[in-house]
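Encoded as structure tokens, the structure appears first; notes follow it.
Each value in this text was obtained by applying a stated rule to the coordinates, not by laboratory testing. In this text, all values refer to a predicted model and were calculated from it rather than measured experimentally. Every residue, glycine as well, gets a Cβ built from its backbone with ideal geometry; the counts of neighbours run over all protein chains shown.
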There are 4 protein chains.
Amino acid sequence: MKKILDTCNKFFGLIIVINIFHQIVSSAGYFALEIPILQFLYWISIGIFGIEFILRVFVERRISVLLSLDALVLINQVLFSVYDLRILRLFRLFDIFSQSRFLLPTNTLINTIIKQRNALMGSQIMVLSILLVVSTFIYFLESSVQPDVFGSIPSTMWWGIATLTTVGYGDVVPMTDLGKLLASLTMLVGIGMFALPAAILASAYYEEIQKKNFLVSFEAIASVPLFQELPIGAVGKINEKLEVVLVSEHETIFSKGDEADSMFIIEYGKVKVEIEKPVYLVAGDYFGEMGLLGNAPRNATITAADDTKLLELTKSDLAELSEEHPGLFKELELSASARSSD
Amino acid sequence: MKKILDTCNKFFGLIIVINIFHQIVSSAGYFALEIPILQFLYWISIGIFGIEFILRVFVERRISVLLSLDALVLINQVLFSVYDLRILRLFRLFDIFSQSRFLLPTNTLINTIIKQRNALMGSQIMVLSILLVVSTFIYFLESSVQPDVFGSIPSTMWWGIATLTTVGYGDVVPMTDLGKLLASLTMLVGIGMFALPAAILASAYYEEIQKKNFLVSFEAIASVPLFQELPIGAVGKINEKLEVVLVSEHETIFSKGDEADSMFIIEYGKVKVEIEKPVYLVAGDYFGEMGLLGNAPRNATITAADDTKLLELTKSDLAELSEEHPGLFKELELSASARSSD
Amino acid sequence: MKKILDTCNKFFGLIIVINIFHQIVSSAGYFALEIPILQFLYWISIGIFGIEFILRVFVERRISVLLSLDALVLINQVLFSVYDLRILRLFRLFDIFSQSRFLLPTNTLINTIIKQRNALMGSQIMVLSILLVVSTFIYFLESSVQPDVFGSIPSTMWWGIATLTTVGYGDVVPMTDLGKLLASLTMLVGIGMFALPAAILASAYYEEIQKKNFLVSFEAIASVPLFQELPIGAVGKINEKLEVVLVSEHETIFSKGDEADSMFIIEYGKVKVEIEKPVYLVAGDYFGEMGLLGNAPRNATITAADDTKLLELTKSDLAELSEEHPGLFKELELSASARSSD
Amino acid sequence: MKKILDTCNKFFGLIIVINIFHQIVSSAGYFALEIPILQFLYWISIGIFGIEFILRVFVERRISVLLSLDALVLINQVLFSVYDLRILRLFRLFDIFSQSRFLLPTNTLINTIIKQRNALMGSQIMVLSILLVVSTFIYFLESSVQPDVFGSIPSTMWWGIATLTTVGYGDVVPMTDLGKLLASLTMLVGIGMFALPAAILASAYYEEIQKKNFLVSFEAIASVPLFQELPIGAVGKINEKLEVVLVSEHETIFSKGDEADSMFIIEYGKVKVEIEKPVYLVAGDYFGEMGLLGNAPRNATITAADDTKLLELTKSDLAELSEEHPGLFKELELSASARSSD
């Protein structure tokens, strides 16, 4: 069931990507509208999303943000066709692929923004206050000279934002000496404020990323008991072969009966072997090696008992390593036979 | 009395917000001046602020910065009406709501700026020196070709600031080859300097915010009235004993009947004592000390009325502190007996 | 002797400031040239600097960078008078006041730049490479369409620098679709590189500043034995009164016979009391309190035996503190009498 | 042999630099094409690079990225001569001089980018999403008013990138009130995102540089040939024993006749063994092991031929390691006897 849903989701993801692509190129009138297949897809996807929408409303029985966005897009497409809002489905794309390794850092970033909202808000209030005061004073100084662009405080705020963010279009520039003096002081003092959110976010995001760490560090390899006897010279080779897998609490790593094509080493966290009397494995332990050696399917379901970072080693990579360093292989066989005889 | 003042302050805050809004929209001539109620409010608030100003002068008997700003705004409104300076009351807004949770990060930011003024000054002096030298040399190179915009060093400084801050309006651009070469070098070398204050501020502000959330700072201890009479030498010891507890709005801190094994001091935020007539305690207040002294269970439920940071002191740590500093114990007993006899 | 030199230096500093001010306003033709006194000063200072230059050449007998700059300025003023190079004396200003508290952070910044030159260089090489490649390719794409501004690689480098530094004057903008695509990619990828030096510098400078710390932290006060018995409530007041004094190794803090108008507490570092058998005082110790109590002049020279951070407390501030907290005064008297009886 | 290759490489590096210089100045038509020697060099270097290309294809027998770039440049020069692609050889320059001290920080930076690719990718996906949504909405608002520059989503993306990166050319600026409002919000919110990569990179790069200077990283140990055969489990132990020694160029590490109490491994840099025919040792080499084994004093003076980072291993620590891992000891003895018998 879960697998079907997953496939469905990926299918919807694909349709959304095509739709957004279609929206962009059709706006440019490049060639898209003329290609009948894209135009055909446009109508097909209205149908698909329409049916999906109705199904979800009946199943979920509550209106989520993403669902309302979908409603907005559909209603607009069917009834008005004035603005093409398909781009809004981008958010659903994030939702669909939120668990993919590719989007993990982006999700970390979004979480960081939410966590740091107070610090960000603090600097933004400062920023808006500076903007208000500066815009008001430049209005006093410039409005008589350039009434068309500095003629009201909302107008001068357009100048203020473009200046304080250092965008500086140059479409609106103070001309009086006093105006230039005020603008200079504003740039010198105010710009620091506007760069604050980026810097705060960067510090927090960097910390968060380091905590999760999508890298296999040499320290991590050196702390895995299984590798202790390999020579130092092999660290680089192992490093290339290990793939990082991050799993959240309660997530299933593999299920009983699944094909066994890789083994896992726990860098940090905890996993639960779902057998009669559940067993917990912790940092430094490895699992999934039994099936690998004997070509049997997984003989137990294993779930994460905590947010866990795993290092995955595929069958073929393991075979290659074992060939070069027979000692590694022997320990695995011993441990596997010991476990299976339990 | 304090409550009346608080309500008064919030009322003035509201009037200021309306006035600033009125100033902005009226400058744009959108609709504001035509709406009689806003115009009416304009005159009313002159009256209100006038009376308030006179009252405060008589009560406070000294001229603070905010008071002089108020005087400036009022005098200008009544006598000249040339420039509308109401925007300056923004600073009073910050003062009025400085204790609200919403402005806490902004105040932290302002304090950070004050603390880091030396580091910021250090980079600003560097910045101004670079600006002076670069502006002088570009003046030599460009003044003959573009005498109208590069005709004097103050003029070239306008170009210099717009360039070094990366605003780059483009209203003034060097045209000679040598001028462009100098400008290129300036951009490559000088921009780092101009981005320094933002980066410094960000590091310091981020640290400060993190500290505010998870540490007991010496500043926090020094601001707790309960500890005022303890000797400075005890700060380190108290610091070790206090545990930070962060509670979200509506969260229950303890319930009536719970075992009483610690007391709490509020660093910031607000808690609600859930008795017949609920009582609110704010920053600097402490609670939970009664059960501690008499071994009785908690006699009231206490919930957070805001996101609150508490400093927890366990029974045994309190006993230890009281033993060394009997004065501390006495005040607690007095306050506890006073409360319980209410 | 040292005092005379010091006064001389300050006098030259003043002349330089006036000269630079004169150069700037005279370039603008505001009013300066018309004011005979400034014009008079111009000729006077040529004389003064000329004599000083000759004296220094004879005394120092080697050509330093600052001396050659001075020569350059003088020769130009006397012989050619084409370019007004007085602005170059700005560097001498830094040299003269390098020990003043005001310029300390700026000097720290300069030292940080020198220390981090490798890291900065590393990113600048990257930056120049990106600039070269991007400028070459945009030259291919745009030179036929806009031969006047994209007509050669040096020309496109002007665009490249203005873009990659985010200055973006807008005087040169790609027009072809491919050119815009390349420019877009350049902005997305390359800008990170150009912001690197600022960020690196900021991290390093911030660290350096924190190490020196121009602040009196609560932690520092709480660790001074002298204040241990004061109540916590007094920390804020003491904090306001203490002034930070940073002295380098071998620097003299005060000399025997000087007027005694303040006492010092050592936050970190080491000082040497220059008596027959030199005594060293370290962090937490205080000195200079004897003269304060008895109105006698300093009875020993004290020099820094290491880079040292002192907290200075003036006579009047000490008197005020002693009045409120008599205990503080008593300990000082005891210690002073103990020392003097040695 | 290695020496010849090294000289060859440097010679090619020189030719590349001349070629790139020639390309830049010839594009500007300054004087280069007219100088027959540069033109002559142009043809000569085609010949040299052609021969070298053929040789390398035969020797290496696989097509690397750099080799294909070379092919691209050569084919283009000989057959089409439309675009001058010599600038692409810049990458080979990086490759040739990758081990020079001058390019070390740049290589560290490149490695940092590779390491942090996930974090950077995470923010870039965010950035592109914001760009897409903002560009679409500004297209709705501005396309009817300025159809020539806001007429399609790809067009508005040009505006979007120039704005969000704060380049702000000003060639395309929203004109409607709603468009300006959207642009203002975009600047306030979105700019933080675009500054993220720079800030992340800076933090990571700065850390990496600091590590390179003052720590023994696991990567460094893994790259020392001497340790290759030790088991991974020993890395931690070796790490504790190695002491970092930074020596500047020309500094003496030890002198002939000194007591021999430690050996050194070169992490980066170069040292000179001051014997009759001086020998140079480079990264990965070790020295000073002879005296250790035989209790003899140092038999040669060794100085740094470049800024060098050494890892020092004391006699007792080496003894301890050798005991646990006899293999290590054997190699040292062999190498020592081999050297002394020279």
>> Please compute the contact order of the range D:136-182 in relative form: average sequence separation of alpha-carbon pairs under 8 Å and at least six residues apart, divided by the residue count, as a percent.
In response: 39
>> Taking beta carbons within 10 Å but only from partner chains, what does the mean come to for residues B:298-306?
In response: 0
> Under a point spin-label approximation (7 Å from Cα along Cα-to-Cβ), what is the C:Ala319-D:Ile75 distance to one decimal in nm?
Replying inline: 9.1
>> Can you compute the radius of gyration and Dmax for the range A:117-212, using only the Cα atoms, both in Å?
In response: 15.9, 57
> Which entries of A:Lys10/A:Lys115; B:Lys115/B:Lys270; A:Lys277/B:Lys309; A:Lys10/C:Lys180; C:Lys10/C:Lys115; C:Lys241/C:Lys270 show an alpha-carbon separation above 31 angstrom in the structure shown?
Replying inline: A:Lys277/B:Lys309; A:Lys10/C:Lys180
>> Please report the net charge: other residues with Cβ closer than 14 Å to the Cβ of A:Glu274, K and R +1, D and E -1.
In response: +2
> Relative contact order (percent) for the range B:61-219, with alpha-carbon contacts under 8 angstrom and 6 or more residues of separation?
Replying inline: 22
>> Order these by the 10 Å Cβ neighbour count, fewest first: D:Val245, A:Val145, A:Val224.
In response: A:Val145, D:Val245, A:Val224
> Got a sec? How would A:His325, C:His22 order by Cβ neighbour count within 10 Å, fewest to most?
Replying inline: A:His325, C:His22
> Under a GNM of chain B (C-alpha, springs under 10 Å), which listed residue has the highest mean-square fluctuation: B:Glu324, B:Glu249, B:Glu289?
Replying inline: B:Glu324
> What residue among A:Leu226, A:Leu74, A:Leu188 has the largest mean-square fluctuation in a Gaussian network model of chain A, using Cα springs under 10 Å?
Replying inline: A:Leu188
>> Could you list D:Phe80, B:Phe21 so that the one with the fewest beta carbons within 10 Å of its beta carbon is first and the one with the most is last?
In response: D:Phe80, B:Phe21
> Which distances in nm, rounded to one decimal and ordered from shortest, link the label point of B:Pro36 to the equivalent label points in the other identical copies, with labels set 7 Å from Cα toward Cβ?
Replying inline: 6.8, 6.8, 9.6
> Using the beta-carbon distance between B:Asp6 and A:Ile18 and R0 = 51 Å, what value does 1/(1 + (r/R0)^6) give for FRET efficiency, to the nearest 0.05?
Replying inline: 0.30
> Between D and B, which D residue has the Cβ nearest their rotation axis, distance in Å?
Replying inline: D:Gly170, 3
> Shortest first, in nm, what separates the label point of B:Phe11 from those of the same position in the other copies (7 Å along Cα→Cβ)?
Replying inline: 6.6, 6.6, 9.3
> Counting only residues 5 or more places away or on other chains, whose amide H sits under 5 Å from the amide H of D:Phe254 once H atoms are built in the peptide plane?
Replying inline: D:Ile302
>> Using helices alone, I'd like the mean residue ellipticity at 222 nm for the protein assembly as shown: each DSSP H run of four-plus residues gives -39500 (n - 2.57), total over residue count, nearest 500.
In response: -19000 deg cm²/dmol
>> Going 7 Å from Cα along the Cα-Cβ axis for the label, what nanometre distances separate D:Val244 from the same residue across the other copies?
In response: 2.3, 2.6, 2.9
> Build a GNM of chain B with springs between Cα atoms under 10 Å: which of B:Val271, B:Val282, B:Val73 gets the top mean-square fluctuation?
Replying inline: B:Val73
> Dividing the Cα convex hull volume of the range D:163-257 by residue count, how many Å³ per residue is that?
Replying inline: 199
>> Using a 10 Å cut-off around each Cβ of peptide B:102-115, what is the average number of partner chain Cβ atoms that fall inside?
In response: 4
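Take each uninterrupted DSSP H stretch in chain C, measure its Cα extent along the helix axis, and return the ones at 27 Å or beyond whose mean Kyte-Doolittle hydropathy is at least 1.0.
Helices meeting the span and hydropathy rule in chain C are C:36-60, C:117-142.
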> Taking each residue of A:136-146 in turn, how many C-beta atoms of other protein chains fall within 10 Å of its C-beta, and what is the average?
Replying inline: 3
> Across all directions of projection, what mean area in square nanometres is found for the Cα convex hull of chain C?
Replying inline: 26.4
> Expressed as a whole percent, how much of the Cα-Cα distance distribution for the protein assembly as shown exceeds 50 Å?
Replying inline: 46
> Rg and Dmax of the range D:2-97, using alpha carbons, in Å: what are they?
Replying inline: 13.5, 41
